[in-house]
Each structure stands twice: as C-alpha cells, then as structure tokens.
Amino acid sequence: MSLDLRYPALSDLKAACKRRVPWFVWEYLDSATGTESVKPRNRAALDAVLFQPAVLRGAITPDLQTQFLGQDYAMPVGIAPIGMSGLIWPGAEAALAQMAQTTRLPYCLSTVATRLPEEIGPIAGDMGWFQLYPPKDPKIRADILTRARNAGFRTLVLTVDLPGPSRRERQLRAQLAIPPKLTPSMLWQIAQCPSWALGTLRHGQPRLRLMEAYLKLDGNAPSTAHPGYLLRAAPDWDYVQAVRALWDGPLVIKGVIEPQDALRLRDTGADAIWVSNHGGRQFDGAPAALHALPRIRAAIGPDMPLIFDGGVESGLDVLRALALGADFTMLGRGWHYALGALGPQGAQHLAQILRDDLASNMIQMGLTQPKKAHLQLWTHGPAPEI
C-alpha cells in the first residue's frame, strides 16, 4: 500500500508517531506549557482564514519555487529548529538535514541539538540555517557563531522569546531529564518501541553535545534546566546588536509578535522577522501567532521579509499565512511527527504532502504562485461557531 493511502495527511503521521515513540518522548514533542491553550488558539486562527474559490480560470500550473533571503527554495516551507531533536527520533538532525538538501528546503539546526554543527552543516549544505539561544558569556557566543559559520551555515536565527524557562508541566510529569535518566517506567516504555530503541543504540544516547562543550552536568538536570538553559542569557537590545556585529550573513530574529518590536529590530539590522509564539511552549497567555502577523506586516511595510510559524499543518495553512503577510513558513513538530511515524522516509513523505496540498489548493484558488494567496482572501475573522 502506498504511503499516500496509509498516511494522506500530517494527522496520520502524528497518530503513527504517538504509537512508535516512548511516552516520555511523545510528551516532550507534543507538549506546550500551562493549560496548553495556545495550541488550539493557533489552530482556530488558521481555520478562520477563508478564501474565495476560483472558477473558469482554465488550466492552472502552480509554481512553488520561492526565493527568500537570497536563496532559492522548492516551496515557501522550511524546517524549524527543535531542541533535542535526536531524542525524538534517533539521527533526526542528520535525516532532516539530508532531506532538506535533497528537496531544497531550509533546515534550521538548534543550539540544543543532539549533534554538533560541524556534523550537520556539511549535510545541509546551502540549505543550512543555525538557530542561536543567546549564551550569557560573550566568548561562548563568539565561539558558537564561529563554529556555525565554519560548518557552512549561512543564515543565523536568534531566538529572543525565552527570557527564562517555562514550566512545561507534561514534561515534568514524564520525568524527562537531560540527558535522559532511565527509570524502570522509561525502560518499559522503550521496550514497547523497538524501532526507536534500536535506533538509539546505533546513534548513542541523545546529549546536547554543543552545549556540553561549555558546561558539564551530572545528568540529573530536568528538561527545563538543561545546559542550554543554564548557559542562556535573557537577551536585550544590546545583545541583538552584538550578534549583528558578529554575523556577516542573513540574521533572522525569531519569536516576535509585537509590531513595535519588529520595527525596532528592522532598524537594528535584522534581515528578517520570524513571527512565532514558540508553539505555546513558553507562555500560555500568548495570542495566536497568526493574529500578530497582519499587524506586524502593516507596521513594517511590504518589503521586510517575514517568516511565520504557529500550528501550520498543511499546504492550505501555508497559503493562509502567506495571505496575511508572511513570505515564508516553518514547521517544527510536524517534521518530527513524520520522523516518528516512518523515520527518514516520513520526512520525505511530509514534504510531498505539503507540496501536493499547496498545488491542489492553489488550483482551487486559481493561483500560479503561493505569494498571491492574498488575492483570494475571503476573511480572516473569528473562527465560526460549530
């Protein structure tokens, strides 16, 4: 049976992932913080964006090719950074970097990945982006940026929406430590997931290798107090300027939902703004990221590049974000649901799902290019009552 018949949508991959990874891994991947109200808020905001279908337009041939920050991509979709990616699926960083290079999508490696930038940069090649959680020590900051640049990463993403750790209660209940401290319960969970277990044996225990080069721990730190958190600063505007001075390539600032912040970041030298509420993993009281997007676009004008993430699950969601002002979209959890479901093949399959869904919906809307989605926008008001 073909993958399209067994897993026609991301929701099918998500369900398979939940069955194939240990429960403590699932809780890390799928959880947010607090009551997790941001996740359904993101979903409701996307569902409220409606388009006018087009008729009598003749044959439509969608062109998904997208240029962003001086690079050509196969479609306006990329792979957002997720920390401890290799915990979710063994070898995740290398698998996603390879898929990104093959399919011509950007792959953003997290500072708190389980593999080093020197390992992943050559695999991602010209599709590689590097995400920086801001270290407190200027020497560590400079060293990490030098290593990322030497490893071949051309675009830097500075995440600014983590002034401190969040509770992430589901992770605490799952007793997840970094690196994982195996309990009898965890061993039982692992025994029920043989593919994950065997893969982990091949790739080794998931560790935050880059951060451990700067700080040694005893292995008992909870997932909300791992080396990345202990080394991390609460960045301010001077910090952004310092990073700008150190990085000579494109600089993206991630985690922005306030228009005035976007304006000031543009004037500080950012090359792109990444509109995001961190998937609800940091602040349960945040608005839907999509609600912030048109406000930021209106404030900064038409020329400043904008990236969006916040619950994107389909090609139609990509078009919704583009219609409200984004130039590019990112998924984080989605690629890892796909890896958990099918391994590296799952990531390739998700790329095909998104590509096909983009093209299918563009034909329904009479569009030849994704960036023209705003031309068919019907409404982006409150989600209708059901």
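What follows is calculated from the coordinates using simple rules that are stated; it is not laboratory data. These numbers come from a predicted model, not from an experiment. Glycine also receives a Cβ, built like all others from the backbone with ideal geometry; neighbour counts cover every protein chain displayed.
Tabulated data for the structure shown
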| item | result |
| --- | --- |
| Ranked packing of 21-29, 67-75, most packed first, by mean Cβ within 10 Å | 21-29, 67-75 |
| Over the chain: helical MRE at 222 nm, DSSP H runs n ≥ 4 each giving -39500 (n - 2.57), nearest 500 | -13000 deg cm²/dmol |
| Phi-based couplings in Hz for the range 254-270 (Karplus 6.51, -1.76, 1.60; Gly and Pro marked x) | 9, x, 10, 9, 10, x, 5, 5, 4, 4, 5, 5, 4, 6, 7, x, 5 |
| Fraction of beta bridges assigned by DSSP in the chain that are antiparallel (%, nearest 5) | 25 percent |
| Neighbour net charge for Gly34 - beta-carbon separation under 11 angstrom, K R +1, D E -1 | +2 |
| Cα-derived Rg over Rh, computed across the chain with Rh taken as Kirkwood radius | 0.95 |
| Mean-position separation - Cα centroids, the range 93-131 and the range 265-310, in angstrom | 23 Å |
| Total charge dipole magnitude, the chain, about the Cα centre, Cβ charges on Lys, Arg, Asp, Glu only, Debye to nearest 20 | 640 debye |
| Spherically averaged projected area of the range 243-366 from its Cα convex hull (nm²) | 9.1 nm² |
| Nonlocal amide H pairs with Tyr73, under 5 Å, H built at 1.01 Å | Thr66, Gln67, Phe68 |
| Relative contact order (percent, whole number), the chain, Cα cutoff 8 Å, 6+ residue spacing | 28 percent |
| Within-11-Å neighbourhood charge of Tyr107 [Cβ basis; K, R +1; D, E -1] | -1 |
| Rounded to whole Hz, the Karplus (6.51, -1.76, 1.60) HN-Hα couplings of the range 349-362, x for glycine and proline | 5, 5, 4, 5, 4, 5, 4, 5, 5, 4, 4, 4, 6, 5 |
| Max mean-square fluctuation residue, GNM over the chain, Cα-Cα springs under 10 Å, options Ile253, Ile144, Ile60 | Ile60 |
| Mean Cβ neighbour count within 10 Å, used as a protection proxy, ranking 297-310, 147-160, 329-342 highest first | 329-342, 147-160, 297-310 |
| Cut-off under 5 Å, modelled amide H: who pairs with Thr155 long-range | Phe130 |
| Mean Cβ count within 10 Å, highest first, over the residues of peptides 133-143, 312-322, 268-278 | 312-322, 268-278, 133-143 |
| Whole-Hz ³J(HN,Hα) from phi, Karplus 6.51 cos²θ - 1.76 cosθ + 1.60, for the range 62-76, glycine and proline x | x, 10, 8, 4, 9, 9, 8, 6, x, 10, 8, 10, 5, 6, x |
| Intensity falloff of the range 75-131 expressed as log10 I(q)/I(0), Debye formula with alpha-carbon point scatterers, at q = 0.14 Å⁻¹ | -0.28 |
| Per-q log10 I(q)/I(0), the range 1-128, q = 0.12, 0.13, 0.20, 0.21 Å⁻¹ (Debye; single scatterer per alpha-carbon; no solvent) | -0.68, -0.79, -1.35, -1.36 |
| Principal axis dimensions, the range 335-378 - Cα atoms, whole angstrom, descending | 38, 15, 13 |
